[in-house]
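Taking it in order: structure first as structure tokens, then the write-up.
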Amino acid sequence: MPQRFTIQVTQHEIDKAKPKESGLCMAAMAIARTIPDAHHVDVDLRTVRFTLDDERHVYLTPYAVSGYVIGYDAGDEIHPFTFQLREDARVPTRSKKLTPAGTAKNQAKNKDMRARQKLAKTEAKLFETAQVLPPSAPEVKILKQEVKQAKVEALTAEQEREATKAAYVAQRTYEPPAPHEKGTPPPLPKVIKTSKRTYGARVLRVNGGTDNGIG
């Protein structure tokens, strides 16, 4: 069944986002909040990616979202906005075979990302609840404890991820691809995704002016 997700980016997520971090940008945190079972959410200028029901979902980033992301990373003031992820913008994906080292690193990375996004969700819930209830309310106190616990879990997951990366630093992450057969189309060039957003010189020049196209 075709899926369509309507994502509302709140002021809290804009305030908590980190510039040039694909997994902790305002759109990624809004997706994680809107789709509770989604994890390993990443957003960059080209694609929106998250895992749901053991399947990797990849969508073309809506044009307006790209504008907001560029503006935010450049330090522009951003206000709450809404966007949609539609089935007609979904990109087919294929999985690659991981080595044991790759599996360990991937599991540690996913755990770290889930912990950070859980912390972001819990902080957002505390923020919303604190707007309507006094600090002494039991609900607020419980959420404060949950935030505290989520911070501990996020720190532990980050340390485990770094330790795993160090342990497998010299080992191959993916199995080597099968040799290319003569007479068949060559494989597409490999594209490496990272958690950092980077920009080409042209984007930086355009974004350096007062008008970044996200009015």
Q) Within segment 106-136, which residues are among the polar types (S, T, N, Q) and either over 30 Å from Thr51 (Cβ atoms) or part of a loop (DSSP other than H, G, I, E, B) (or both)? A) Gln131, Ser136
Q: Output the number of residues of segment 1-43 satisfying the condition of being in a helix (DSSP H, G or I) and either more than 19 Å from Tyr72 (Cβ to Cβ) or of a type outside the set (Ser, Thr, Tyr) (or both).
A: 14
Q: For Gln84, work out the one condition from (1) touching a Pro at 6+ places or on another chain (Cβ under 9 Å); (2) over 16 Å from Cys25 (Cβ atoms); (3) assigned to a helix (DSSP H, G or I) it doesn't fulfil.
A: (3)
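Would it be correct to say that Leu98 is modelled with pLDDT under 90 and in contact with a strand residue (DSSP E or B) (Cβ under 9 Å, 6 or more places away or on another chain)?
Taking the combined requirement at face value, the residue satisfies it.
Here is a check on your reading of the model: is Thr6 surrounded by fewer than 21 Cβ atoms within 10 Å (Cβ to Cβ) and within 18 Å of Ala120 (Cα to Cα)? Step through it out loud before you land on a result.
Details: surrounded by fewer than 21 Cβ atoms within 10 Å (Cβ to Cβ): yes; within 18 Å of Ala120 (Cα to Cα): no.
In short, no.
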Q) Among (1) at negative phi; (2) not assigned by TED's automatic domain parsing to the domain that holds Ala120, which single condition is Lys105 missing? A) (2)
Q | Hits in segment 83-142 (condition: in contact with a helix residue (DSSP H, G or I) (Cβ under 6 Å, 6 or more places away or on another chain) and of a type in the set (Asp, Glu)) | A | Asp112, Glu123, Glu139
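Restricting attention to segment 35-54, does a residue exist that is farther than 29 Å from Thr164 by Cβ and crowded, with 17+ Cβ neighbours inside 10 Å? Step through it out loud before you land on a result.
Going residue by residue through segment 35-54, those that are farther than 29 Å from Thr164 by Cβ are none.
No - not one qualifying residue is present in segment 35-54.
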Q. Any idea which of (1) touching a Gly at 6+ places or on another chain (Cβ under 8 Å); (2) over 20 Å from Ile31 (Cα atoms); (3) outside the structural domain of Gln8 (by TED's automatic domain parsing) is the one Arg116 doesn't satisfy?
A. (2)
Q) Among Glu139, Glu146, Glu158, which is the only one that is within 17 Å of Val41 (Cα to Cα) and either under 16 Å from the mean Cα position of the chain (by Cα) or in a helix (DSSP H, G or I) (or both)? A) Glu158
Q) Among the numbered criteria (1) over 26 Å from Lys105 (Cα atoms); (2) touching a strand residue (DSSP E or B) at 6+ places or on another chain (Cβ under 8 Å), which single criterion is violated by Ser22? A) (1)
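Look at Val91 and say whether it is buried (at least 17 other Cβ atoms within 10 Å of the Cβ) and assigned by TED's automatic domain parsing to the domain that holds Glu13. Walk me through how you get there before you give the answer.
Numbers: buried (at least 17 other Cβ atoms within 10 Å of the Cβ): no; assigned by TED's automatic domain parsing to the domain that holds Glu13: yes.
So Val91 fails the test.
The values are calculated or read from the model by the stated rules, or taken from the named source; none is laboratory data. As the structure is a prediction and not an experimental result, all values here were calculated from the model. Here Cβ is always computed from backbone atoms with ideal geometry, including for glycine, and neighbour counts include all displayed protein chains.
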